[in-house]
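Enquirer: I am attaching a structure below and will ask some questions about it afterwards.
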Amino acid sequence: MQEDIFVSESELLKQKEYSEKVNSVLNARFPVEPPKAFIHTYGCQGNVADSEHIKGMLVEMGYVLCDDDSQADFILYNTCAIREHAEDRVFGNVGALKKYKKDKPHLIISLCGCMMQQEHIAERIKKSYPFVNLVFGTHVTHRLPELISKVLCTGKRVFCIDESEGVIAEGLPTVRDSGENAWLPIMYGCNNFCSYCIVPHVRGRERSRRPEVIIDEAKKLVGEGYKLITLLGQNVNSYGKNCDFRMNFAQLIREIDSIEGDFKFDFMTSHPRDCSFELLDVLAESKHFCGHLHLPVQSGNNRILKEMNRHYTREHYLELIKYAKDKMPDVDITTDIIVGFPGETYEEFLDTLSLVKEVEYGSMFTFIYSPRKGTPAASMPDPFTKKEKTKWFLELLKVQEEIAAARGE
Ligand code: 5AD
Ligand code: SF4
């Protein structure tokens, strides 16, 4: 059962007090105009949603948000660990921030998010990037006022990486900057442990927000004029599992759909293993579904799917797609695909190509496999070179282009 995961009222109150404390320190240190904060978000919409809370907390503390890092008094990178390339970019960009410290020694440089939740990364920052003042992991975002207060009052570097399985903090302030689109997290963490994926290692166990809180937030967003509400979770199809309330994802969708108003809803990410026919029925009947279904297949080959620990077959996936298309002929299906999983042969890759041709995706997010430290796939034999995998990858892109061209895009 999901219990003891909610951040307590008293802890949230404590953070409000820290926020007021930071506010008065900042007022004293910046008497002419308020200090500026620059936030850059890497990675997925889950990170974007976290950054919206971070911005809300910073504004409450007395910062004004800016989009020019050279003007900022506080710089924060919310980082992503999904592939090596994402991490390399962060290291490069952090290195480039050092120059700002020369003219502005009071500048606070801070790093958070999935990458920082990994011990070896936090250690590397500690040793090799001494100008970084604050590093915190994914489970302590709500404690930002306390952490900034520590940095401001002690002048020391602060590292806070909590090894817990994750919490839910409700009621945090939010600054949304996505125009008419709003992100609405319905759950956090992941229990799937796909063998290539770092997410369960850095985002903790799966935990669902209470339905009444989600529905209230959705109503508020519709009332505020948001036109597209995207429900977020690593695996939205397992919403409500192990919870004391009785509501699954299909039922939650029904509730969201019954909200009156001029809006559409989307959701991501769906896992084909847990995507139910009931959900597809509910979507087909709903008034507000935007018509986009992101159902990442990752590979079209059954041996590779097994090695990936995905718990579905090519045949089951295609059955879901057929059912979805029969019920919703205009549905726009999109996917994620990994090319070059350890040990994948060219023949196995060809199964992915044939699946792509069969499904005719609206669009695809395609990736070359990137080993992630601590995941099972990272220690599997990986005989094919990057060059070979890149060749297959380009072949996949070409097929997708041909499908788009045939559709007249
Ligand atoms: N290497 C390459 N791609 C990955 N993804 C997740 N982990 C890896 C990895 N180690 C891709 C998957 C996932 C998307 C968000 O990123 O396709 O669905
Ligand atoms: Fe990146 Fe995954 Fe973290 Fe999102 S959850 S920021 S994709 S590592």
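Enquirer: Restricting the count to DSSP beta bridges whose residues both fall in the chain, what percent are antiparallel, rounded to a multiple of 5?
Expert: Given both bridge residues lie in the chain, the antiparallel proportion sits at roughly 5 percent.
Enquirer: Could you please tell me the mean projected area of the C-alpha convex hull for region 209-349, averaged over all directions and given in square nanometres to one decimal?
Expert: Taking the Cα atoms of region 209-349, their convex hull projects to 9.2 nm² on average.
Enquirer: What residue among HIS271, HIS288, HIS311 has the largest mean-square fluctuation in a Gaussian network model of the chain, using Cα springs under 10 Å?
Expert: Largest GNM mean-square fluctuation: HIS311.
Enquirer: For region 339-356 and region 276-304, write down the distance between their C-alpha centroids in whole Å.
Expert: Going from one Cα centre to the other spans 22 Å.
Enquirer: If you don't mind, there's one more thing I want to ask. Calculate log10 I(q)/I(0) of the chain for q = 0.12, 0.13 Å⁻¹, where I(q) comes from the Debye formula with a single equal point scatterer on each Cα and nothing for solvent.
Expert: -1.05, -1.20
Enquirer: Additional query: Looking at ALA250, ILE54, MET364, which one has the Cα that reaches farthest to the positive end of the dipole of the chain (charges on Cβ: Lys, Arg +1; Asp, Glu -1)?
Expert: The residue sitting most towards the positive pole is ILE54.
Enquirer: Let me ask something else. Most mobile of ARG89, ARG157, ARG29 per a Gaussian network model of the chain (Cα springs, under 10 Å)?
Expert: It is ARG29.
Enquirer: Continuing with the same structure: Mind checking which aspartates and glutamates have their C-alpha under 15 Å from LYS104, skipping anything on the same chain fewer than 8 residues away?
Expert: Those aspartates and glutamates meeting the cut-off are ASP68, ASP69, ASP73.
Enquirer: Using a 1.4 Å probe on the protein heavy atoms, what percent of the accessible area of region 172-264 belongs to carbon and sulfur?
Expert: 46
Enquirer: So which of LYS14/LYS287; LYS219/LYS325; LYS287/LYS391 end up more than 32 Å apart by C-alpha?
Expert: Check vs 32 Å cut-off fails for LYS14/LYS287; LYS287/LYS391.
Enquirer: List the residues, sorted by chain then number, that are 5 or more residues from ILE259 or on another chain and whose placed amide H is less than 5 Å from its amide H.
Expert: none
Enquirer: Same structure, new question: Whole-Hz Karplus ³J(HN,Hα) for region 310-319, in order, using 6.51 cos²θ - 1.76 cosθ + 1.60 and θ = phi - 60°, x for Gly and Pro?
Expert: Per residue, the Karplus-derived 3J(HN,Hα) values read 8, 6, 8, 10, 3, 5, 5, 4, 5, 5 Hz.
Enquirer: Roughly speaking, what is the stretch gain from GLU11 to GLN251, that is 0.36 nm per residue apart minus the C-alpha to C-alpha distance, in nm to one decimal?
Expert: 83.2 nm
Enquirer: Sticking with this structure for a sec: For LYS373, give me every one of the lysines with a C-alpha distance below 23 angstrom, ignoring sequence neighbours fewer than eight places off in its own chain.
Expert: Result set, ordered by chain and number: LYS126, LYS127, LYS306, LYS386, LYS387, LYS389.
Enquirer: Using unit Cβ charges (K, R positive; D, E negative) and no other charged atoms, how large, in debye to the nearest 20, is the dipole of region 208-254 about its Cα centre?
Expert: So the magnitude is around 120 debye.
Enquirer: What ³J(HN,Hα) values, in whole Hz, does the Karplus curve 6.51 cos²θ - 1.76 cosθ + 1.60 give for region 398-403 when θ = phi - 60°, with x put for Gly and Pro?
Expert: 5, 4, 5, 4, 5, 5
Enquirer: When N is the residue count of region 268-409, what does its C-alpha Rg come to as a fraction of 2.2 N^0.38 Å?
Expert: Against the compact-globule rule of thumb, the ratio is 1.08.
Enquirer: Right, another one. Can you tell me the length gained on complete extension of the stretch SER379 to SER164, counting 0.36 nm per residue apart and subtracting the Cα distance?
Expert: Difference between extended and current length: 74.9 nm.
Enquirer: Here's another thing I want to ask about it. Counting helices only, and only those DSSP H runs with n ≥ 4, report the 222 nm mean residue ellipticity of the chain as the sum of -39,500 (n - 2.57) divided by its residues, in deg cm²/dmol to the nearest 500.
Expert: -13000 deg cm²/dmol
Enquirer: Per residue, what accessible area does region 65-173 have, given a 1.4 Å probe and all protein chains present, in Å²?
Expert: I get 43 Å² per residue for region 65-173.
Enquirer: Oh, and also: To the nearest 0.05, what FRET efficiency results for HIS106 and GLN45 with a Förster distance of 45 Å applied to their C-beta separation?
Expert: Calculated transfer efficiency: 0.85.
Enquirer: Something else now. Could you list, by residue number, the cysteines of the chain that have no other cysteine's beta carbon within less than 4.7 Å of their beta carbon?
Expert: CYS44, CYS66, CYS80, CYS112, CYS114, CYS153, CYS160, CYS190, CYS243, CYS275, CYS290
Enquirer: Something else now. Specify the inter-centroid distance of region 122-140 and region 32-92, based on alpha-carbon positions, in whole Å.
Expert: When both Cα centres are located, 15 Å separates them.
Enquirer: Could you work out how far helix 9-29 tilts from the main Cα principal axis of the chain, as a 0 to 90 degree angle to the nearest 10?
Expert: Once rounded, the angle reads 50 degrees.
Enquirer: Express in nm, to one decimal, how much length is gained between GLU401 and GLU33 on full extension, taking 0.36 nm for each residue of separation and deducting their alpha carbon distance.
Expert: Contour length minus Cα-Cα distance gives 127.3 nm.
The values are calculated or read from the model by the stated rules, or taken from the named source; none is laboratory data. What you are looking at is a predicted structure, and each value in this text was computed from that prediction instead of being measured. Positions of Cβ are backbone-derived with ideal geometry, glycine not excepted, and every protein chain shown enters the neighbour counts. The accessibility values were calculated without ligands, DNA or RNA, using every heavy atom of the protein model including side chains. Shrake-Rupley method; radii C 1.70, N 1.55, O 1.52, S 1.80 Å.
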